[in-house]
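Okay, structure first, notes after.
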Amino acid sequence: MGKFSRYHRFHNASEGINIINQKRFGTPLYSLYSSSKVFTLHHSMQITDASDNVVYTARTKFFTIHDKTDIYNAQGEHVSHVSKKFFTLHERHFVKMDSGTEFELSNELFHIVKDITNIEGLGWQLRGNIWGLNFELYDIDGSVIAVIGQKMISIHDKYCIDIYKREYEEVVITILITLQHMIKDREEKASGSSSSGSSNS
């Protein structure tokens, strides 16, 4: 399931770009990769380049209801901070970049096949496909910034990030890590609802 997949955009570093991405958006400048052990999102995760060099690290504080995460570059410099708004109908996370930029990710409700996450403060939009595990990030003008693909079957949560605009790399990585937290939150809620339903039946 790599560059020849019509439905899943994930590809390993050795496989090259997904052919559907290339047809729709052209060749990205480069790709980065994220891997996390299943059920261990809330500790430390790494983003690597095509040569498996660590370029970013994300660390999440344990036992905080606001799910606080800090992201660092390869030199150990702080890049951004992410926190979750706990009581809200929307899935909402706040981001503060060390550059001074601040924005929020707010997931629109009631989308069945397509997830739409508004990035308030930037005017960007993250459009996802929860069945195909694909996500496209667009700027305020509707131009693609990055395409994110998640590996469908793996003992790890693996993502690839095809980047089309280099100047937004740190913001893209921060959005990716926030997206992973949002997906995990949704899975945990679904699991909790399922367990509650089973216990009441």
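The values are calculated or read from the model by the stated rules, or taken from the named source; none is laboratory data. Because the structure is predicted, anything quoted here is derived from the model rather than measured. Glycine also receives a Cβ, built like all others from the backbone with ideal geometry; neighbour counts cover every protein chain displayed. For accessibility, only protein heavy atoms count, side chains too; no ligands or nucleic acids. Shrake-Rupley method; radii C 1.70, N 1.55, O 1.52, S 1.80 Å.
State which residue is modelled with the lowest pLDDT when the search covers only region 15-37 and only residues that are open to solvent by 50 Å² or more (accessible area, probe 1.4 Å) and out of contact with any helix residue (DSSP H, G or I) (no Cβ under 8 Å at 6 or more places or on another chain).
This residue is K37.
When region 131-144 is examined, which residues are found to be surrounded by fewer than 20 Cβ atoms within 10 Å (Cβ to Cβ), among the hydrophobic types (A, V, I, L, M, F, W, C) and at pLDDT 90 or above?
Matches in region 131-144: I140, V144.
Go through (1) at pLDDT 80 or above; (2) closer than 19 Å to R9 by Cβ; (3) open to solvent by less than 40 Å² (accessible area, probe 1.4 Å) and name the single condition K158 misses.
The failed condition is (3).
Just checking, does region 4-14 include any residue being at pLDDT below 85, among the charged types (D, E, K, R) and open to solvent by less than 50 Å² (accessible area, probe 1.4 Å)?
Yes, some residue in region 4-14 is at pLDDT below 85, among the charged types (D, E, K, R) and open to solvent by less than 50 Å² (accessible area, probe 1.4 Å).
Is region 87-107 home to any residue that is modelled with pLDDT under 85, assigned to a strand (DSSP E or B) and touching a helix residue (DSSP H, G or I) at 6+ places or on another chain (Cβ under 7 Å)?
Yes, because at least one residue in region 87-107 is modelled with pLDDT under 85, assigned to a strand (DSSP E or B) and touching a helix residue (DSSP H, G or I) at 6+ places or on another chain (Cβ under 7 Å).
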